[in-house]
Amino acid sequence: MSIIQLEPVTTLKGVGKETADVLASMGIETIHDLLWTFPYRHEDFRLKDLTETPHNEKVTVEARIESDPIVQFLGKNRSRITVKALVGRHLIKLVFFNQNYLKTKLLPETIVTVSGKWDRGRQVINVTTIKFGPKTDNSDFEPVYSLKGNLHQTKFRKLMRQALDHFGGEVEETLPSHLLIKYKLALIIQALEGVHFPLDANHSKQARRRFVYEELLQFQLRIQALRKVHKENEHGISIQYDLQKVKEFISTIPFELTSAQKRVVNEICKDLKEPTRMNRLLQGDVGSGKTVVAAIGLYAAITAGYQGALMAPTEILAEQHATSLAQLLEPMGVRVALLSGSTKSKARKIILEQLQNGEIDLLIGTHALIQPDVVFHKLGFVITDEQHRFGVEQRRVLRDKGVNPDVLFMTATPIPRTLAITAFGEMDVSIIDELPAGRKQIETHWLKKEQLHSVITKMELELRQGRQAYVICPLIEESEKIDAQNAEEVFAQLSTVFKGKYHVDLMHGRLHSDEKDRVMREFTEGKTDVLVSTTVVEVGVNVPNASFMVIYDADRFGLAQLHQLRGRVGRGQFQSYCVLLADPKTDEGTERMMSMTEINDGFRLAEKDLELRGPGDFFGKKQSGLPDFKMADLVHDYRTLEVARQDAAYLINTDEFWNEAEYKSLREMLEETGALNGERID
């Protein structure tokens, strides 16, 4: 541990008890804490040419006062001072608000350096900072920190300057020399100077580049160490499946696998044979064919004498998986059973007996699978669908019903690669990024609310052909706070419009689970023609006959959610349509609507969503599992993330990393963060 990690900030001149308390509330107790408190931006005080400065942009200029100041009082303690000034060949006005003391100093012929917002049309600078005399110092960039209490920027900068001057020599280099040379990275002390007091724009840029790489390398080292610990300590089972039987099964599938499906099947089958436990995330857009891939993996495990389990978040989804997997696997002699909360006690007893004595090969179900009395004969392969809908403990309980079974997590929520290798970095990630041949793309249209009549006409045209429709609303009941169409009101309207012709039903989150199941089952069975719903239909439900969807107030949803909703239609042989009804009030809302009409690929949309919303909001801050980086930005620094991941994966498996002195700092970081004990990074 270096000196600066132990040295308290109270050793700095000007840090008494009051300042120390404020600093402590900011998490700053040592010199190291202070130096690693980075500014969130820099004020740019470079001199600019007014002719090249856009309207409303901040500008710094040298000016000569050309008139006496005019003072106006605007009310209690409010005033405005205006003077004419010459900037180069431009005669402009400088305006100062609530700085009355300047009226005796702003005299004709005085040279000043001022910064403020440039009003190009009125030829006025609204001044925020002023220095008397020409610009002589080199402080073109001034750091701005996020501070608390009565701690001001000026004092904080002085403390930072003092810390760098007195303790800069004690800062130890944390990156090995070969990486510094390979990527032409600044030394750590140069980078600290460049972050806090850059000499120019390039100095600041190079400092940021170094810290971005270092942060991402440290994070990826933690993930790779975690993977290494798990692989060394979590011994799995080597499932020696019958390759010939698996090939025969694949030949019975009534369509050709896409190249993406074949690639993922190979990845899963390779994992099954490995003696270490599979820990893989399978991502695939709606309709990409994850179920078939899962079926092949399950069948492979079953040919080796093991049982499989698939857990889904809802009864309807579990039933759909059971139906489709039974159709695929039962002709191969696989015994499939479904277990859910609504399984009758007599049937449940039989299933549990057959499961325990090995008569059932594959058990599909909901949370019912993790009940204590569910005992497997020889569980070897566990699949969790829409894994984010289950808690960590629920997933662990299912896994523990076997002796280190292989585990596959499936999700239909496309996650951008940068987030996948960050949030799920300790997993292997497989991606089905290709849709089956011949699948019709969903036509997506964005219309304004006044065009609702034409939407209903189009919907009725689909209903007349025997199709079904979803109508999605953001709210259940009317709200005074938000002007968004609510489900109950829309249900009432459409019930009136289609009275005597089509059956309309209502679905929302406040319904009892039995009632939800009834509504969804009737829609699935074709008894309901139009389902008005909130977003509870988002995941998993398969109604091939549904060909039309309307989403009210679509600009209130994120792109990922809109894409998930859209994926409820277009699951059959019919051309399907999705209509976004929206009058967006913001540029971002408009951009989302345009993206939805132009992009059908879930992964491209997910990247766009990440760009618009940022990583925290993409997952939801509560369960994101993403680190709080000081400098790195997962959206803009994705290339550096990839490089850091490759470097970390290489380093963690070399003897040099674990033994040589230049890696000491990185090894200590792994020990401090608990990665070497297998602790998850959150």
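Listing for the model above:
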{"quantity": "For Rg and Dmax of the Cα atoms in Å, calculated from these coordinates, the label among [x] 31.7, 99; [y] 36.0, 118; [z] 24.9, 79", "calculated": "[x]"}
{"quantity": "Stretch gain in nm, segment LEU86-PHE38, where the contour uses 0.36 nm per residue and the Cα spacing is subtracted", "calculated": "13.6 nm"}
{"quantity": "For peptides 582-589, 593-600, sequence by mean Cβ density within 10 Å, most packed first", "calculated": "593-600, 582-589"}
{"quantity": "Computed magnitude of the charge dipole of the chain (debye, nearest 20; Cβ of K, R +1, Cβ of D, E -1)", "calculated": "1320"}
{"quantity": "Note, ³J(HN,Hα) from phi for the range 446-462, Karplus 6.51, -1.76, 1.60, rounded to Hz, x at Gly and Pro", "calculated": "10, 10, 7, 5, 5, 9, 4, 4, 5, 5, 4, 4, 5, 4, 5, 4, 5"}
{"quantity": "Farthest positive-ward along the range 58-104 dipole, Cα basis, beta-carbon charges - from ASN98, PRO69, ALA85", "calculated": "ASN98"}
{"quantity": "All-pairs alpha carbon distance profile, the range 62-184, 5 Å steps from 0, percent", "calculated": "2, 8, 14, 15, 13, 13, 10, 7, 6, 5, 4, 2, 1"}
{"quantity": "Three-way shape call for the range 174-311 based on the alpha-carbon gyration tensor, with the a/c threshold at 1.5", "calculated": "prolate"}
{"quantity": "Segment THR252-GLN153, extension gain: residue separation times 0.36 nm, minus the distance between their alpha carbons", "calculated": "28.6 nm"}
{"quantity": "DSSP beta bridges in the chain [antiparallel fraction, %, rounded to 5]", "calculated": "40"}
{"quantity": "Gyration tensor verdict on the range 117-214 (Cα atoms; rounded if a/c is under 1.5, prolate if a/b is larger than b/c, oblate otherwise)", "calculated": "prolate"}
{"quantity": "Lys, Arg +1 and Asp, Glu -1 on Cβ, resulting dipole of the range 91-213 about Cα centre, debye, nearest 20", "calculated": "560"}
{"quantity": "Alpha-carbon centroid distance for the pair the range 495-528 / the range 647-669, whole angstrom", "calculated": "59"}
{"quantity": "Range in the chain, longest, excluding exposed chymotrypsin sites (Phe, Trp or Tyr not before Pro) [loop by DSSP; at most 12 other beta-carbon atoms within 10 Å]", "calculated": "256-682"}
{"quantity": "Centroid-to-centroid separation of the range 154-193 and the range 81-132 [C-alpha atoms, Å]", "calculated": "38"}
{"quantity": "Value at 222 nm in deg cm²/dmol, rounded to 500, when DSSP H runs of n ≥ 4 in the chain each add -39,500 (n - 2.57)", "calculated": "-11500 deg cm²/dmol"}
{"quantity": "Cα-centred dipole magnitude for the range 204-329, charges only on beta-carbon of K, R (+1) and D, E (-1), debye, nearest 20", "calculated": "800"}
{"quantity": "Segment THR10-GLU662, extension gain: residue separation times 0.36 nm, minus the distance between their alpha carbons", "calculated": "231.6 nm"}
{"quantity": "Sites matching trypsin sites (Lys or Arg not before Pro) across the range 177-218 that sit in DSSP coil, with at most 14 neighbouring C-beta atoms within 10 Å", "calculated": "LYS184"}
{"quantity": "Over 12 Å [Cα-Cα, the range 424-466], rounded percent", "calculated": "78"}
{"quantity": "Qualifying GluC sites (Glu not before Pro) in the range 236-305, DSSP loop, other Cβ atoms within 10 Å at most 11", "calculated": "GLU256"}
{"quantity": "DSSP beta bridges in the range 299-411 [antiparallel fraction, %, rounded to 5]", "calculated": "0"}
{"quantity": "Amide proton proximity set for LEU379, modelled H, under 5 Å, gap of 5+", "calculated": "GLN307, VAL403"}
{"quantity": "The range 495-557 shape via C-alpha gyration tensor axes, a/c threshold 1.5", "calculated": "rounded"}
{"quantity": "Kirkwood hydrodynamic radius (C-alpha pairs) into Stokes-Einstein, the range 303-409, 10 °C and 1.306 mPa s, D in µm²/s", "calculated": "117"}
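Values in this text are rule-based calculations from the coordinates and carry no lab data. Everything numeric in this text was worked out from a predicted model, so none of it was measured. All Cβ positions, even for glycine, are placed from backbone atoms using ideal geometry, and neighbour counts span all protein chains on display.
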